[in-house]
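Visitor: Below you'll find the structure I mean.
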Amino acid sequence: MDRTVRTIPTLPPLMMKRLLVLGILALALTAPAAGAQRASHRGSGPIELGIDGGVTFGLDNPNTTIVALPTQVFRLGYFLSDNVEIEPRVSINSASGGGVSITAYSLEAGVLFQPAGDRVGKGLYLRPFLGVSGINVPGPNDSHSGYAGAGFGLKLPFADRRLATRMEANYAHGFSGGGSNLIGVLIGLSFFTR
């Protein structure tokens, strides 16, 4: 009887550690928001679920343009108050062919500040964020980088204020390999649970 042993591909140890640390950080940042919502249910606001598509322009040499439509990221917002929302985001893309597999990921935590204090209504917002992104390719060419940035945008509600369009322009600076600079334009759709 022939016994074939199958191996399951695993992530490199360094990348696994980074993802674990980022996951713990995301849980630590979002747990207080979830607890605050449970503690003050009468005054709590909706949870915002959303997707964004967009275009990102790399400003460094070589210049790059990334178009991700209809969706670039999935986001989940927890309202701490009428003016402040914690918003983790995640993006995972994978392509394979000819025996080669490439995976790109991005994990991000941001805070939305909405001066008008209208959670799902029309209004401007400011969104500072921190994140980590990377590309896994076969061989020693993996690339992983932390980044920070800020976005400025507008929410436009519709459908009895349960849905909203979000438009945002943002800037991000990557920290590895001498640094990188990106400008992004996003347009998205949000669904509010209450």
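The values are calculated or read from the model by the stated rules, or taken from the named source; none is laboratory data. Note that this is a predicted model, so its numbers are computed, not measured. Positions of Cβ are generated from backbone atoms using ideal geometry, with glycine treated the same way; all protein chains shown enter the neighbour counts.
Visitor: List every residue pair whose Cβ atoms lie under 8 Å apart, where the two residues are 6 or more positions apart in sequence or sit on different chains, the first residue falls within region 68-89 and is closer than 18 Å to T193 by Cβ, and the second residue, located anywhere, is among the hydroxyl-bearing types (S, T, Y) and in a strand (DSSP E or B).
Guide: Here the result reads F74/S91; G77/S190; E85/Y78; I86/Y78; E87/Y78; R89/S106, each pair linking region 68-89 to a residue that is among the hydroxyl-bearing types (S, T, Y) and in a strand (DSSP E or B).
Visitor: Something else: Would you be able to say whether some residue in region 86-107 is at pLDDT 90 or above, part of a loop (DSSP other than H, G, I, E, B) and surrounded by fewer than 18 Cβ atoms within 10 Å (Cβ to Cβ)?
Guide: Checked against the condition, which is being at pLDDT 90 or above, part of a loop (DSSP other than H, G, I, E, B) and surrounded by fewer than 18 Cβ atoms within 10 Å (Cβ to Cβ), region 86-107 yields no hits at all.
Visitor: What's the total number of residues in region 125-143 that are more than 14 Å from the chain's Cα centre (by Cα) and buried (at least 18 other Cβ atoms within 10 Å of the Cβ)?
Guide: So the answer is 2.
Visitor: Assess whether L76 counts as being under 11 Å from the mean Cα position of the chain (by Cα) and modelled with pLDDT of 90 or more.
Guide: yes
Visitor: Pick from region 58-85 the residues that are part of a strand (DSSP E or B) and in contact with a Pro (Cβ under 8 Å, 6 or more places away or on another chain): which of them is surrounded by the fewest Cβ atoms within 10 Å (Cβ to Cβ)?
Guide: L76
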